[in-house]
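Taking it in order: structure first as structure tokens, then the write-up.
Readers should treat all values here as calculations from the given coordinates under stated rules, not as data from a laboratory. Bear in mind the structure is a predicted one, so any value in this text is a computation, not a measurement. Ideal geometry is used to build each Cβ from the backbone, glycine not excepted, and the neighbour counts take in all protein chains shown.
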Amino acid sequence: MSAYEAFSNDFHAYFTADPNVCVNMGVDARLGDLPDPSPAAGEARVVGARALLARLAAFDRSGLDFEQSLDLDLARLKLESELLFETYTFNGRTRAQQCPRAGDEIADGIFLMFINDPRPAAARLENITDRVEKVPAYIEALLARTDTPIQRWVDIDVEKVEGLPELFATVRGWSEQEGWPEHGRLVRACAAAEAALTDYLARLKAMPTTTALHLDKDIAAAITRSRGLEPSLDEIHGFARQFLADIDVTLNALRDTIAPRYDLPADISLVDLHAFLNDRFKVQIRPGHLEDVLTRYEAEREKVLAFIKERDLFPIFENQDMKILRTPDFMAPSIPAGAMMPPPSFRDGVRTSMVYLTLSEELLDEHNDLGIPGMMIHEGIPGHHLQLATASLHPSIIRRHFDALEHAEGWTTMLEDYMLDQGYMGDLTDEARFIAKRDIARIGARVAIDLFFMTGDRDYLDVGTGVDVSAPDPFVAAGALLKAVTGFTDGRVQAELNWYSQERGYPLSYLTGNVLVWRLKADLKAAQADKLSEIEIDRLFHTIYLQSGNMPVSYLRKVFENKGLLA
């Protein structure tokens, strides 16, 4: 075994020490365990990351090819990010001490084994029951670690934990239907777990909390660098100001085209035009049957796929699938409208993603005949599903572990415009682009709010909108900006802010990725314009982007350079 292979295997072992990572990535190990929230486990992760980084620093790269050397660069970045998130402090405590995540850590693995695991039911139920039996011990370890948590994060976890009994009931019903011989054991485990969770909620709510959310600016900058983002915080903020200014120009031009088409006043506000289009193109469902929206998404999925195949726009492999599901209650607090869970990277067989859609009467306006195509393009094919399903086929162990957020979100937000440019919406292109631009304005607001939540610098909320963001409560100030920019419902605004606050550096990756992806494509086009047609350049870009695996766009640029395509 070469030194490169040995390191790759040890890197894999380090990141699959977490049982939920094993479930998410399709690794047959630790499936009956819950994550260990103890400080000792956190310290072990720190020690392990430092040891692997030391090996990388001393690694003799002579004899490695370009791809292997790039893998080691990616491994270093991922390990440095892991180390940073385990060790940085604010309010005198680590993030883990202030962020209770019982709802996520208990539910995620159980739900995935129930909904997206090809093994026999008996094997899955055995693992799930093992996990449920370990809930009381997990709760005690989590409470022992938690110290003066952020109040908003407590509220998020409370809401998620309150949805766990529904998950347990679903699993019990499945066990009974399967006639699993140890059904009684599962029933007893669920009862004990629910009692422990009731006690957990009482003790968590009784804890002293803080509303102090912000970090030191140097830590915020380190977080963005750890995600492979080269622009500075101020440069990223500049992206947002320019992006929102450009969108405002585009929206006003679209209004001038759309308003006379429907005999609307020429000076109709953007907000009122948005409301008109939402109503005009709302999905028709049976009263009380929100699930009918899922059927509409399934139809759109097939339409998008047919459009792409007819024009040969993207490389699509056959052994892939996608499930479209209603967001479970325990996940809804962090999924504002829709989300995608990618195929397990280390599982053989059909690469299956799950697209979650959050449905409610309040959110129904956002699932309309103009918005559904954009959501399906973003989350499905050619968006996240195609991108991450393709990346899961990459032979590199290291790349199959990598989660480059701006690579993923830059790709999908680029596609929202690209598919309209290709004529996907036909005669409704203007209307669809108006809705899409109102919606994608969120990624400009996300930059501002992410930077503000991280640093506490209120100037970051100034992105040229003129919105009053003076409220002392950071969530009220941020919510005012987000609602003004996007027109989101109050429920979606709060759900968006929930995950912005917890996923430091993730929200700003959407726009940063969008800018970097368009730049990369423009550079490819400039270098190849005299050699290839525009559609040939598109196909080349899409193929290399998808088939190179998951990595920050700054690293992907090196792939294009190594192929001699940007000269």
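Between residue 198 and residue 148, the FRET efficiency from the beta-carbon distance, with R0 = 25 Å, is close to 0.65.
First measure r as the distance between the Cβ atoms of residue 188 and residue 563, then evaluate 1/(1 + (r/R0)^6) with R0 = 51 Å and state the FRET efficiency to the nearest 0.05.
The calculated FRET efficiency here is 0.30.
The protection proxy used here, the mean number of other Cβ atoms lying within 10 Å of each residue, ranks peptides 112-123, 529-540 as follows, highest first: 112-123, 529-540. Size estimate for the chain follows the Kirkwood approach: the inverse of mean 1/r over distinct Cα pairs works out to 24.9 Å. By the count of other C-beta atoms within 10 Å, a proxy for reagent exposure, 496, 82 are ordered fewest to most as 82, 496. Fewest neighbouring Cβ atoms within 10 Å first, the residues 55, 433 line up as 55, 433. Cβ crowding within 10 Å, taken as a proxy for footprinting-reagent exposure, orders 322, 454 from fewest neighbours to most as 322, 454.
Projected label points at residue 518 and residue 295, each 7 Å from Cα along the beta carbon direction, are separated by 3.9 nanometres. In order along the stretch 100-117, the Karplus-derived 3J(HN,Hα) couplings, from 6.51 cos²θ - 1.76 cosθ + 1.60 at θ = phi - 60°, round to x, 10, 4, x, 5, 6, 7, 7, 4, x, 4, 5, 5, 5, 6, 9, 9, 9 Hz, and Gly and Pro are given as x. Normalised by the number of residues in the chain, the average gap of Cα pairs under 8 Å and 6 or more apart makes the relative contact order 17 percent.
Between the residues 75, 209, 320, the greatest Cα displacement towards the positive end of the dipole of the chain, with unit charges on the Cβ of Lys, Arg, Asp and Glu, is found for 75. Each residue, residue 279 and residue 12, gets one label point 7 Å from its Cα in the Cβ direction; the gap between the two is 5.8 nm.
Using 0.36 nm per residue, how much length does the chain from residue 66 to residue 85 gain when fully extended, once their Cα-Cα distance is taken away?
Difference between extended and current length: 3.9 nm.
A simple charge model with +1 on the Cβ of Lys and Arg, -1 on the Cβ of Asp and Glu and nothing else charged puts the dipole of the stretch 224-278 at about 220 debye relative to its Cα centre. Would you mind checking the pairs 78/160; 217/483; 525/563 and listing those with alpha carbons more than 20 angstrom apart? Beyond 20 Å between Cα atoms: 78/160; 217/483. Coupling constants for the stretch 340-351 follow from the phi torsions by the Karplus curve (6.51 cos²θ - 1.76 cosθ + 1.60, θ = phi - 60°), and in residue order they are 10, 9, x, x, x, 5, 10, 9, 6, x, 5, 7 Hz; glycine and proline get x.
Listed values for the stretch 422-434 are Karplus-derived 3J(HN,Hα) couplings in whole Hz (6.51 cos²θ - 1.76 cosθ + 1.60, θ = phi - 60°), namely 7, x, 4, 8, x, 5, 9, 4, 5, 4, 5, 5, 4, and x replaces Gly and Pro.
So how do 367-373, 259-265 stack up, highest first, on mean other-Cβ count within 10 Å?
367-373, 259-265
In this structure the amide hydrogen of residue 324, modeled in the peptide plane, comes within under 5 Å of the amide hydrogens of 355, none closer than 5 places in sequence on its chain. Each Lys and Arg Cβ is given +1 and each Asp and Glu Cβ -1; about its Cα centre, the stretch 3-206 then shows a dipole of about 500 debye.
Each principal axis of the Cα atoms in the stretch 3-206 has its own extent, and those three values, largest first, are 58, 45, 22 angstrom. Taking 0.36 nm per residue of separation and subtracting the Cα-Cα distance, full extension of the segment from residue 422 to residue 40 would add 132.2 nm. Scanning residues 5 or more positions from residue 210 or on other chains, those with amide H under 5 Å from its amide H are 150, 151, with H placed 1.01 Å from N in the peptide plane.
Considering only 343, 115, 380, and ranking their Cα positions along the charge dipole of the chain that arises from unit charges at the beta-carbon of Lys, Arg, Asp and Glu, the one farthest toward the positive end is 343.
How large is the charge dipole for the chain, taken about the Cα centre, if only the Cβ atoms of Lys, Arg (+1) and Asp, Glu (-1) carry charge, to the nearest 20 debye?
Details: 59 positive and 88 negative charges, 175 e Å.
The dipole of the chain has a size of about 840 debye.
Take the Cα of residue 249, step 7 Å toward its Cβ, do the same at residue 457, and the gap between the two points is 2.6 nm. Which shape class, rounded, prolate or oblate, goes with the stretch 16-93 when its Cα gyration tensor gives a ≥ b ≥ c as root eigenvalues, a/c under 1.5 marks rounded, and past that a/b bigger than b/c marks prolate? Oblate.
Taking 0.36 nm per residue of sequence separation and removing the Cα-Cα distance, the residue 326/residue 271 pair yields an extension gain of 17.0 nm.
May I ask you to derive the FRET efficiency for residue 114 and residue 264 from their Cβ-Cβ distance with R0 = 51 Å, giving the value to the nearest 0.05?
Efficiency for this residue pair is about 0.60.
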